[in-house]
1. For the stretch 45-69, give me each residue that is under 15 Å from the mean Cα position of the chain (by Cα) and either hydrophobic (A, V, I, L, M, F, W, C) or surrounded by fewer than 16 Cβ atoms within 10 Å (Cβ to Cβ) (or both).
2. State whether the residues of the stretch 86-98 include one that is free of Cβ contacts under 8 Å to residues at least 24 places away in the same chain and either part of a loop (DSSP other than H, G, I, E, B) or farther than 17 Å from His251 by Cβ (or both).
3. Here are some residues: Thr94, Thr98. Which one is of a type outside the set (Asp, Glu) and under 20 Å from the mean Cα position of the chain (by Cα)?
4. Does the stretch 90-102 hold any residues that are surrounded by fewer than 20 Cβ atoms within 10 Å (Cβ to Cβ) and touching a strand residue (DSSP E or B) at 6+ places or on another chain (Cβ under 8 Å), and which are they?
5. Determine if the stretch 10-33 includes at least one residue that is among the basic types (Lys, Arg) and within 20 Å of Asp100 (Cβ to Cβ).
6. Do you know which of the residues in the stretch 70-85 that are assigned to a loop (DSSP other than H, G, I, E, B) and touching a residue at least 40 places away in the same chain (Cβ under 8 Å) is surrounded by the most Cβ atoms within 10 Å (Cβ to Cβ)?
7. What pairs come out if I take residues in the stretch 188-208 that are over 12 Å from Gly225 (Cα atoms) and assigned by TED's automatic domain parsing to the domain that holds Ile233 and pair them with residues that are exposed (fewer than 14 other Cβ atoms within 10 Å of the Cβ) and modelled with pLDDT under 95 whose C-beta lies under 6 Å away, six or more apart or interchain?
8. Name the residue that is modelled with the lowest pLDDT, counting only residues in the stretch 19-44 that are assigned to a loop (DSSP other than H, G, I, E, B) and surrounded by 13 or more Cβ atoms within 10 Å (Cβ to Cβ).
Amino acid sequence: MDNAQDKLKLQFGLVGKAISYSFSRRYFADKFNNENLSHSYVNFDLQSIDELKNIIKETRNLKGLNVTIPYKEQVISLLDDINEEAQKIGAVNTIQITKDKKLIGFNTDYYGFKNSLEPHLKSHHKKALILGTGGASKAIAYAFNQLNIAYDFVSRSQKEGVTYLYADITDKIISEYTIIVNCTPMGTFPKVEECPNLPYAALTKNHILYDLIYNPEQTKFLNHGFRKGATTINGLEMLRLQAEKSWEIWHKV
């Protein structure tokens, strides 16, 4: 194979743990096929983020990576640089790999979330509950800051930045926060009977329930909202938007 042809066959991938379900691999495979590109996109299923060093070293023509649970925060220590937005968020889900193998971190999660939520917002959507405190939740908080929507974090355990434990959430709190975003993995296939412990009876048609999960399409969390007439959104459009933003970033190499 000559060098010119070799350069056309670029490699991209997803870094995470237990990611066989991944949307990204299927999405980019279809994209490359539709655009007649000979690139490939693979899953790098890691037991430890430290394994990434060898992957970077050994994978030929690797130009870009997405990062998912549980490594969006851990990966930062391995990067050579990080863009301003990702630094403010404190989490990275996209890595650009330069010609000299430098790793530059970006966050496209906030972009995907913001642009998928915005069409559904109305004047009464002023406050949000963010369920979970991982890397994804930080991107959601950053998007809410850009949208001028107040938010509070909900977690199973008390830690810095957490306003409520699940046990604290009352009907009154639910009525006050008309956007609720699930950033936890609860309800992901195959554990589809799980959902965050909330007083769902207090939901109304004025609520938006947004679940970052996309498999199943309607989680138990979203179904609670659907039955109360709330607007329900799964994570598929967010993923599509953030994937396209990642592609844009990788093309800048």
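The values are calculated or read from the model by the stated rules, or taken from the named source; none is laboratory data. Quantities reported herein were computed from a predicted structural model and do not represent experimental measurements. Backbone-built Cβ (ideal geometry, glycine too); neighbour counts: all protein chains shown.
1. Scanning the stretch 45-69 gives Leu65, Val67, Ile69.
2. The answer is yes; a qualifying residue exists.
3. Thr94
4. Those that are surrounded by fewer than 20 Cβ atoms within 10 Å (Cβ to Cβ) and touching a strand residue (DSSP E or B) at 6+ places or on another chain (Cβ under 8 Å): Thr98, Lys102.
5. Scanning the stretch 10-33, I find no residue that is among the basic types (Lys, Arg) and within 20 Å of Asp100 (Cβ to Cβ), so the answer is no.
6. By that ranking, first place goes to Lys72.
7. If the second residue must be exposed (fewer than 14 other Cβ atoms within 10 Å of the Cβ) and modelled with pLDDT under 95, no pairs are left.
8. Tyr21
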